[in-house]
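Novice: Questions regarding the structure given below will be posed in turn.
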Amino acid sequence: MATATPLDAFVKGTKAWFADAEEGWMQGTMKASSISDKVVKLTFTLESGKDIFFESTMDKLATSKFADLPPLKNPPMLEGIDDLSNLSYLHEPAVLHNVKLRYSQQQIYTYSGIVLIAMNPFAKLDLYSPDVMREYSGKRRGELEPHLFAVAEEAYRALIRNGKNQSVIVSGESGAGKTVSAKFIMRYFAIVDDLDKKAAISKTSDIEEAVLATNPILESFGNAKTTRNDNSSRFGKYIEIIFSKGKNVKITGAKIRTYLLERSRLIYQPATERNYHIFYQMCAAVPAAEKKQLGLGKWSDYFYLTQGNAGTILGTDDAAEFAITQQSLSTCGISVSNQWDIFKVCAALLHLGNIKISGTSDAQISDDDPALEQASSLLEIDKSDFKKWIIKKQIITRSEKIVTNMNVSQAGTVRDSVAKFIYSMLFDWLVKIINKNLIKDDDPSAQFIGVLDIFGFEHFEKNSFEQFCINYANEKLQQEFNQHVFKLDQEEYVKERISWSFIDFNDNQPCIDLIEGKLGILDLLDEESRLPSGADKSLITKYYQRFGIPTQKFFEKPRFGQTAFTVKHYAVDVTYEIDGFIDKNKDTVSDEHLACLNLSKMPLLTEICTIEASVESNIDLARAPTSRAPKKPTLGSIFKQSLVSLMSTLRSTEVHYIRCLKPNMAKVSFGFEPQMVLAQLRACGVLETIRISCAGYPSRWTFQEFADRYFLLVKSNLWAVDPKDLTKSIVTAVITKDDLYQIGITKIFFRAGQLAFLEKRRSEKLRECVILIQKNMKRHIYSHQYEQMKRAAVSIQTAFRGYRARKMYKQEREKRAVTKLQAAFRRHLAQSQYQKSLNAVLYMQALLRTAKYKNTLVSTRRHAAAIRIQKVFRGSQERKLYKIQQGQIVLLQACIRKRKAVAELKHLKAESKSVGKLKEVNYKLESKVVELSQAVKSRAEEVDALLEKVSLLESNLASWKEKFTRVDQGTKGNAEKLAEANSNLKAELAASETNKNVLQKENDRINNLLKKKDAEIENLTAESAKYKEESIKYKEEMLKLREDIKNNASRPSVVAAPGGVSAALDSAAGVPGVEDPAVVAALRKEIASLREQMSRLIAGKWTRDRVADSLLAVSNAETTAASARPTVGSSMNQHMQMEVQAAIAARPRPISVNDFAVPLERGSRSMISKRSSTQELPPDYDSASNVDHILNVLQDKALEDEIIDALVTNLRIPLPSTQTVATKKEIFFPAHLVGVCMTQLLRNNLGVRMQLLLPNAMNAIQNLTMKFEDDYVSAFWLSNCFELLCVVRTIQEREVREQQRRRTQGLQNDMDSANPEKALEQIRSDLDILLMDIYLGWIKELKKRLANMIVPAVIENQSLPGYICKQSGGIWGKWGKSATSSQFTIEQLLNFLSKLSKTMRCYYMEDSMTRQILTELLRVIGVSAFNHILVRKNFCTWKRGVQIQYNVSRLEEWCTTHGIAEATLHLQQLLQAAKLLTLNKTSPQDIETIFDVSDFDSPLSPELLKIVANRAMLNEKSDTLLLDLDLAPEFTKPSTHSVEYIDKFIPAWISLPNIATITSNN
């Protein structure tokens, strides 16, 4: 294959562009070519009929890389495209033609990559209404037509999503529409969050109204009419719109920065131009009284307003604008008195311009000059001093001050300088006051969106200092823009992982260095301005000497004259006149005038001068901190400093660009001047952006889009299912050079022109196919015509013969019909008469039967009422008798069961003692024989230590006896006090009686609970019998082991341990072993702890025998207690409580919380009291009683009942609401209160109690949540379970730190119940299981509810009224199901998801769990809807595909707005299926066919179906078609975190007395 060259595209009929002086570029069509190995000759015909010839050599073309060839026109597909970067031939004429074409179609906005090009229509268009704003709200860039609202939306959403500050740069020349564009952008930001609310446009906040009100103020004081624009901004401004942080983003303030106000406009205006608007508004609208006070007249009376001779603007009412200005000033917080002070200053400036300066050599001003008197009066300054320093100047030398006269010209300059100075300071003061009122809290970290409305590149016939500063600013902005575009292109290439080389672009940094560099144009200007003898001529001489050298490529000296210089800017070379540079750069007033103004009695004027002084001092300190005398800043230095600050701000933000273009000079609606637009495109940098893009790969398509359009360029056997593979096949077959394209990860990139080449090949291929189809269709038509003529002859013969036969048949048929009609009419008359008689008879019978049945019904009702009364009376009597008998029977049963239970308890205690001893011996033999044999010596040392401790205790005992004696003597003297205490005890007795009644009620409740659990206890009793048999076996084994131990006791190693195992066994068996009471007490305590460990081991081994374990724990506790044997009544209460605990523990649970459910009885209290009795008595008796009260509350069964009943089962859960959002402590207080109880239990060494309390509470939570009555119950407890898990982790970490501290201090752990770390770890494990059970159960319940909504809402719901299709065919038609309505709509489905999301947010559910729940539900929606489409062939229509695609887009929009964009991945299969239904439906003929068929597409031919079936068999890799609905991802538990503070908050509406007691002493 020959190597392709760009010349291959130049064939006959090819269209190209040629430069034209008027139109910019003109289109030509190639009609002839002559291409040889050396010479190339091309002939084109322009649209005007003129022929153009192109000649060149192959060597020249190869040297320039064929860049000299005429630029080609883009294919028709790309004409009028909304993004210039998508053009195949991306060059200047293509851009100009596309912009012109769109503008002629009244499409004023066009994208050019990241830039939005805005053409001024010079007409009012309905493009900025609230409805249009609402359309662009929430849409991504590119979804709708280009618009400045799309740019504003992109910046606003980026601010919310990324939290990074944004900037929107609006630039362009005067009259291009910059100010209007910036105004609409600010209005969009002000109301964007309220667009979805009704009537929200007119109800903006005060701060938003103040932000919008800044526009009329700045326009009045900073805008003026020019030859190009009636409302031209004569300054640059950067408005930072500050937004609040958080979910509800609102405008909280704004900050305005201004740049380079055109001061010279105040004193001079060219022809047809005006001064600033505020002066004309005052002359037209100030009331008569105030106008007389200000001395105002018509605008034509003032010199500063008449130079342009344009006092009015067509279509503008200055009086109405003045009212708007006043209203805006009030909105921004400027009082009415300050407003009139501002107007006084403006009126004084007009009078300053009318001051008459006369004289021949020296300037003179009359003392009676009315303008001078009026200006001095309004400014409240000394008239003589002000007049003196207008016509005189003072020169300060080292030794004296010299006052000299000035001529008329110099005096006029001084007068104008003062006016410019005052107006400039007034403008800056207004901006300062506006900023002060717009910024309530100056937060440096606040997020903002900046809108930069700045002047565009200016190039006039005569350019001065203002144009130089404006073009300098545009140079800086263009450099920032080029670097931004270059960076985006490179990031795109890196992201797609394609091989690319560095793109070179024109960097204008040398031009910027020429202006702002060291000893640059600005530095030399400032240096010359500070010299007393500085002049424009000496300045231009320095410029020629410094920059007029061959190495400086961006500065040029004119050929003629010595008063100008040329700077080669990026857009065009601009020549600047040096005249006035130094005066405009200084632009300051004399110190004498400044002092005169500072002495003014007008507060506003002195405040303005103070602003000027502070600004000068700040700039001087910033520029020269080491200089001795401060220097006045020049206008150039001020502008340079503000520009540096602006560039720094823009670099810290994400920038968006809007380039405004002025299409014609005459301001004609939709008039287009190509040369003018082309110059602006070059000046605004759009063409430079295009040049950067052309240097790389400007055309980029996704694989799917490219394959869908160009698949026909390869043979059908190369068509692959994967779009990427098909794309590779196409480009490999069509494009020969590899460097003309690059294949990335998701896109394919082309060099400039390749897309047009592919379009050409596609058109040729289509033309060949069309010719082939035409040939076969013509053959088919002629063959069909012959067959029709043949069939027509036969049909004519058949028709004539049929006509004759039908005529004879018709006559016979009419005769028979007449006969049948007569018979039918006679039958009808007879039948009617019979039917009337029958109806009359039936009516009479019905009346008689009705009367009879009414009488029967009345008597029946009376009889039934009497029977009911008798039944109710007899029933009440029988129920009373039954209740009396039932109470007596229950009492009798209770007494009998009580006696049996006491006997059974005694019997079980005896057995448990022997079993416990057996287990104790077994445990010691297995785990401590080896250990004790190695610790003989250590035991001896411990015995010695114990003996010393005994002696110490004996001495303490003696001291206590002495104390007791003294206390006893004191007691005898306190008999009277005891009498008084007796009365107090009686009062306490009465209170105890009340408590007794409460306890009696609680006892009745427990008895009722025991009655319900009798059946379960009987089953447990059977299991207990099995345990008794096993205990007998253990007794026998224990006797054998005891004998073995006694035999081992004769060994020396064992005998040498006087306090060892044998002593412990003897004491446990009741045999005296050790006579020392201290040793006995210590060993008994050790035996009790070992017995406790054995009971836990047995409970782990025999998990089914719950009753026996409970009784064993009670027996062990009672064995170690120091109190006497309980009475029969107390034993009965203990037995009842044990049965309740055993019944609760026997309830089946799917989690493992029963492992630590060991009951805690009153024996534990005795153990605690025994342990605490060895400690020293506290000094305060009340404190000790308080501690004992806390212990009683912690051990009381009422605490557990309160947690389960009041805090879990019967808790009134706060309902979710967006109006009154509950705080975190109001949601998480159950978890935190349980955590407080756990902390107190661990602090008081009640670990066993905690192991019982927590599992029962988790049981209650599980039983409550597994009902799934309401979503808010599941969400509330799912959040609280996770919070409780975090609280337990915090407690566990505290416990670890406490254990480490105790070990460091050498203390021992008093926890005799269990290892707290192990218990807390088990509780965390159980909470994990409970959390997963609640999550999985709730998900399953939500899926059940969602299953009924998916198909009606997503598949059957038809939200688009223009695409309604009917359900026809099959059983759907028989059922008569409506096509336009379904059981559920897409809005109801979205409301369901939104309500669920709001519920989880209101209960502060962990974000990862919320995302998992919503993502799983959206996966179920996508899978169910997709599977339903596959099995419903009557839904496979184009209209149905459009409806489904719209519903899916609603779901995707919901996901994006709720921050779960990843969930949209589960909707891709459904979206692709919907798109398949709408393929190849693009032509008008197809749409007409769809609406004719109405419901279903045209059926496919059998041949086409056969081809599709063969293709499907070749491409099908799996026989699985439906998606797996049950293939759900596993639940990922969120990682727990430590809780900083366990809150003790208890809501006021809940009664928790026991928990309140605990929290009050925590």
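Novice: Looking at (1) part of a loop (DSSP other than H, G, I, E, B); (2) modelled with pLDDT of 90 or more, which is the one condition that is false for T566?
Specialist: (1)
Novice: Can you say whether I692 is open to solvent by less than 10 Å² (accessible area, probe 1.4 Å), among the β-branched types (V, I, T) and modelled with pLDDT of 80 or more, as far as the supplied structure shows? Before you say what the answer is, go through the steps one by one.
Specialist: On the way: open to solvent by less than 10 Å² (accessible area, probe 1.4 Å): yes; among the β-branched types (V, I, T): yes; modelled with pLDDT of 80 or more: no.
Judged against the criteria, I692 is not a match.
Novice: Being under 22 Å from R651 (Cα atoms), free of Cβ contacts under 8 Å to residues at least 24 places away in the same chain and surrounded by fewer than 18 Cβ atoms within 10 Å (Cβ to Cβ) is the requirement here; does R140 meet it?
Specialist: no
Novice: Turning to a different aspect of this structure: Say whether the condition of being crowded, with 22+ Cβ neighbours inside 10 Å and within 25 Å of T179 (Cβ to Cβ) is met by at least one residue in the range 432-448.
Specialist: Here is the first cut: in the range 432-448, the ones crowded, with 22+ Cβ neighbours inside 10 Å are 434, 438.
Imposing the further condition that a residue be within 25 Å of T179 (Cβ to Cβ) reduces the set to 434, 438.
Taking every residue of the range 432-448 in turn, at least one turns out to be crowded, with 22+ Cβ neighbours inside 10 Å and within 25 Å of T179 (Cβ to Cβ).
Novice: Can you pull out every residue in the range 1-53 that is of a type in the set (G, A, S), out of contact with any strand residue (DSSP E or B) (no Cβ under 9 Å at 6 or more places or on another chain) and surrounded by 12 or more Cβ atoms within 10 Å (Cβ to Cβ)? Can you show your working first?
Specialist: Quick first cut of the range 1-53, residues of a type in the set (G, A, S) only: 2, 4, 9, 13, 16, 19, 21, 24, 28, 32-34, 36, 48-49.
Pick out the ones that are also out of contact with any strand residue (DSSP E or B) (no Cβ under 9 Å at 6 or more places or on another chain) and you get 2, 4, 21, 24, 36, 49.
Scanning the range 1-53 gives A4, G24.
Novice: Identify the single condition in (1) in contact with a Leu (Cβ under 7 Å, 6 or more places away or on another chain); (2) under 24 Å from K1475 (Cβ atoms); (3) touching a residue at least 40 places away in the same chain (Cβ under 8 Å) that L755 does not satisfy, given that it satisfies every other one.
Specialist: Unmet condition: (1).
Novice: Among the residues of the range 569-601, count how many are assigned to a helix (DSSP H, G or I) and either aliphatic (A, V, I, L, M) or out of contact with any strand residue (DSSP E or B) (no Cβ under 9 Å at 6 or more places or on another chain) (or both).
Specialist: Of all residues in the range 569-601, those assigned to a helix (DSSP H, G or I) come to 581-586, 591-598.
Subsequent filtering for residues that are either aliphatic (A, V, I, L, M) or out of contact with any strand residue (DSSP E or B) (no Cβ under 9 Å at 6 or more places or on another chain) (or both) retains 581-586, 593-598.
Here the count works out to 12.
Novice: Condition first: modelled with pLDDT of 80 or more, open to solvent by 40 Å² or more (accessible area, probe 1.4 Å) and not in a loop (DSSP other than H, G, I, E, B). Can you find one or more residues in the range 1357-1364 that meet it?
Specialist: No.
Novice: Then there's this: How do the pairs read when you match residues in the range 572-586 that are on the phi > 0 side of the Ramachandran plot with residues anywhere that are small (G, A, S), using Cβ under 8 Å and keeping only pairs 6 or more apart or on different chains?
Specialist: Pairs found: G580/S464.
Novice: Restricting attention to the range 495-516, which residues are at pLDDT 75 or above, open to solvent by 40 Å² or more (accessible area, probe 1.4 Å) and charged (D, E, K, R)?
Specialist: Once the filter is applied, which keeps residues that are at pLDDT 75 or above, open to solvent by 40 Å² or more (accessible area, probe 1.4 Å) and charged (D, E, K, R), the range 495-516 yields only D513.
Novice: Within the range 1287-1298, identify whether any single residue is in contact with a His (Cβ under 9 Å, 6 or more places away or on another chain), surrounded by fewer than 22 Cβ atoms within 10 Å (Cβ to Cβ), at pLDDT 85 or above and not hydroxyl-bearing (S, T, Y), and answer yes or no.
Specialist: yes
Novice: Spot the failing condition for I730; the list is (1) closer than 15 Å to F750 by Cα; (2) open to solvent by 40 Å² or more (accessible area, probe 1.4 Å); (3) modelled with pLDDT of 80 or more, and only one is missed.
Specialist: In the conditions (1) closer than 15 Å to F750 by Cα; (2) open to solvent by 40 Å² or more (accessible area, probe 1.4 Å); (3) modelled with pLDDT of 80 or more, I730 misses (2) alone.
Novice: Listed residues F386, F343, F427; which is open to solvent by less than 70 Å² (accessible area, probe 1.4 Å), closer than 20 Å to L599 by Cβ, touching a residue at least 40 places away in the same chain (Cβ under 8 Å) and assigned to a helix (DSSP H, G or I)?
Specialist: Working: F343 fails: closer than 20 Å to L599 by Cβ; F427 fails: closer than 20 Å to L599 by Cβ.
Only one candidate qualifies: F386.
Novice: Here's something else I'd like to know. Working only within the range 595-612, note down all residues that are among the aliphatic types (A, V, I, L, M) and crowded, with 17+ Cβ neighbours inside 10 Å.
Specialist: Result: L597, M602, L604, L605, I608.
Novice: Quickly run through the range 305-317 and pick out the residues that are open to solvent by less than 70 Å² (accessible area, probe 1.4 Å), out of contact with any Phe, Trp or Tyr (no Cβ under 8 Å at 6 or more places or on another chain) and of a type in the set (A, V, I, L, M). Before the answer, list the steps.
Specialist: Pass one, the range 305-317, residues open to solvent by less than 70 Å² (accessible area, probe 1.4 Å): 305-308, 310-311, 313, 316.
Next cut, out of contact with any Phe, Trp or Tyr (no Cβ under 8 Å at 6 or more places or on another chain) only: 308, 310, 313, 316.
Matches in the range 305-317: A310, I313.
Novice: Looking at S464 and the list (1) under 58 Å from the mean Cα position of the chain (by Cα); (2) surrounded by fewer than 19 Cβ atoms within 10 Å (Cβ to Cβ); (3) of a type in the set (G, A, S); (4) under 27 Å from S330 (Cα atoms), which single condition is not satisfied?
Specialist: (4)
Novice: Any idea which residue in the range 1430-1453 is nearest to the chain's Cα centre (by Cα), counting only those that are among the β-branched types (V, I, T) and open to solvent by less than 10 Å² (accessible area, probe 1.4 Å)? Break it down into steps so the answer makes sense when it comes.
Specialist: Within the range 1430-1453, the subset among the β-branched types (V, I, T) is 1431, 1437, 1442, 1444, 1448.
From the residues that got through so far, the ones that are open to solvent by less than 10 Å² (accessible area, probe 1.4 Å) too are 1437, 1444, 1448.
Numbers: T1437: 36, I1444: 26, V1448: 20 Å.
Selected residue: V1448.
Novice: Let me ask something else. Could you say which residue among S328, S300, S232, S264 is within 30 Å of S648 (Cβ to Cβ) and touching a Ser or Thr at 6+ places or on another chain (Cβ under 8 Å)? Step through it out loud before you land on a result.
Specialist: Details: S328 fails: within 30 Å of S648 (Cβ to Cβ); S300 fails: within 30 Å of S648 (Cβ to Cβ); S264 fails: touching a Ser or Thr at 6+ places or on another chain (Cβ under 8 Å).
Step by step, each of S328, S300, S232, S264 is checked, and only S232 is within 30 Å of S648 (Cβ to Cβ) and touching a Ser or Thr at 6+ places or on another chain (Cβ under 8 Å).
Novice: Out of the helices (runs of 4 or more DSSP H) lying entirely within the range 1221-1318, which hold 1 or more residues that are under 21 Å from I1190 (Cα atoms)?
Specialist: It comes to 1229-1243, 1247-1265, 1271-1305.
Novice: Can you find a residue in the range 355-368 that is in contact with a Lys or Arg (Cβ under 9 Å, 6 or more places away or on another chain) and assigned to a helix (DSSP H, G or I)?
Specialist: Among the residues of the range 355-368, not one is in contact with a Lys or Arg (Cβ under 9 Å, 6 or more places away or on another chain) and assigned to a helix (DSSP H, G or I), which makes the answer no.
Novice: Taking the conditions exactly as written (of a type outside the set (V, I, T) and at pLDDT 90 or above), does K765 satisfy them or not?
Specialist: On the way: of a type outside the set (V, I, T): yes; at pLDDT 90 or above: no.
Considered against the rule, which asks whether it is of a type outside the set (V, I, T) and at pLDDT 90 or above, K765 comes out as no.
Novice: Just one of the numbered conditions (1) surrounded by fewer than 21 Cβ atoms within 10 Å (Cβ to Cβ); (2) closer than 22 Å to K225 by Cβ is not true of Y302; which one?
Specialist: (1)
Novice: Quick test of your reading of the structure: F1384 fulfils all but one of (1) within 17 Å of E1356 (Cβ to Cβ); (2) open to solvent by 20 Å² or more (accessible area, probe 1.4 Å); (3) part of a helix (DSSP H, G or I); (4) not polar (S, T, N, Q). Name the failing condition by number.
Specialist: Only one criterion in (1) within 17 Å of E1356 (Cβ to Cβ); (2) open to solvent by 20 Å² or more (accessible area, probe 1.4 Å); (3) part of a helix (DSSP H, G or I); (4) not polar (S, T, N, Q) is unmet by F1384, namely (3).
Novice: Select, from S1538, S1518, S1551, the only residue that is open to solvent by less than 70 Å² (accessible area, probe 1.4 Å), of a type in the set (S, T, N, Q), at pLDDT 80 or above and assigned to a loop (DSSP other than H, G, I, E, B).
Specialist: Working: S1518 fails: at pLDDT 80 or above; S1551 fails: open to solvent by less than 70 Å² (accessible area, probe 1.4 Å).
Residue meeting the stated conditions: S1538.
Novice: If you scan the range 640-657, which residues turn out to be over 19 Å from V485 (Cβ atoms), open to solvent by 10 Å² or more (accessible area, probe 1.4 Å) and of a type outside the set (G, A, S)?
Specialist: Selection gives K640, Q641, V644, T649.
The values are calculated or read from the model by the stated rules, or taken from the named source; none is laboratory data. Computed from a prediction, not measured in an experiment: that's the story for all the values here. For neighbour counting, all protein chains shown are included, and Cβ atoms are generated from backbone atoms with ideal geometry for every residue, glycine included. These accessible areas exclude ligands, DNA and RNA; they are computed on the full protein's heavy atoms, side chains included. Shrake-Rupley method; radii C 1.70, N 1.55, O 1.52, S 1.80 Å.
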